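First comes the structure, then the notes that go with it.
All of the numbers you see were taken from the coordinates with simple rules; none came from a lab. Because the structure is predicted, anything quoted here is derived from the model rather than measured. Please note: Cβ atoms are built from the backbone with ideal geometry, for glycine as well, and neighbour counts cover all protein chains shown.
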Amino acid sequence: MNQKYNCSFVKAVLEEGGQLIDVRSSVEFNQGALSGAVNMPIDKFQFLKDDIDTDKPVLLYCRSGVRSEMVKKYLEQLGFDHVHNIGGYLKFAGC
């Protein structure tokens, strides 16, 4: 995990209009999510991806960073330039 992903980084990107996307299941999301996050579960992601603004940075997270890394690679294949896998939810829950 890249250490540049901390609360300050996340807040700065969101202030610039970044999109915070939680790729966990809706059950996990409803049990707690980061403020301002949109839930796009990985198993439904291909149907939801068109809601993402390609011109704005994307911050992805899940429980551990594994699912969000898969989604990051998928978005990069689709031509997204500014995609960040910030990792696990709990690391940022106190931000």
Discussion item. What are the ³J(HN,Hα) couplings of segment 55-61, residue after residue, when phi is run through the Karplus curve with 6.51, -1.76, 1.60 and θ = phi - 60°? Round to Hz, x for glycine and proline.
Written reply: 8, 10, x, 10, 10, 10, 8
Discussion item. Output wanted: per-residue J couplings in Hz (rounded whole) for segment 37-51, from phi through Karplus 6.51 cos²θ - 1.76 cosθ + 1.60, θ = phi - 60°, x for Gly and Pro.
Written reply: 6, 10, 8, 10, x, 4, 6, 10, 4, 4, 8, 9, 4, 5, 7
Worksheet item: Per residue of the chain, what 222 nm ellipticity follows from adding -39500 (n - 2.57) for every DSSP H run with n ≥ 4, rounded to the nearest 500?
Response: -9000 deg cm²/dmol
Discussion item. Restricting to Cα atoms and excluding each atom paired with itself, what does the Kirkwood estimate give for segment 7-92 in Å?
Written reply: 12.6
Discussion item. My understanding is that a pair violates if its Cα-Cα distance is over 21 Å; which of K44/K73; K49/K91; K4/K72 do that in this structure?
Written reply: K49/K91
Worksheet item: Treating the beta-carbon of each Lys and Arg as +1 and of each Asp and Glu as -1, no other charges, what is the dipole magnitude of segment 7-92 about its Cα centre, to the nearest 20 debye?
Response: 360
Practice prompt. First select every other residue whose beta carbon is under 15 angstrom from the beta carbon of D53; then total the charges, Lys and Arg +1, Asp and Glu -1.
Written response: -3
Response to the item:
The cysteines in the chain that find no other cysteine Cβ closer than 4.7 Å to their own Cβ are C62
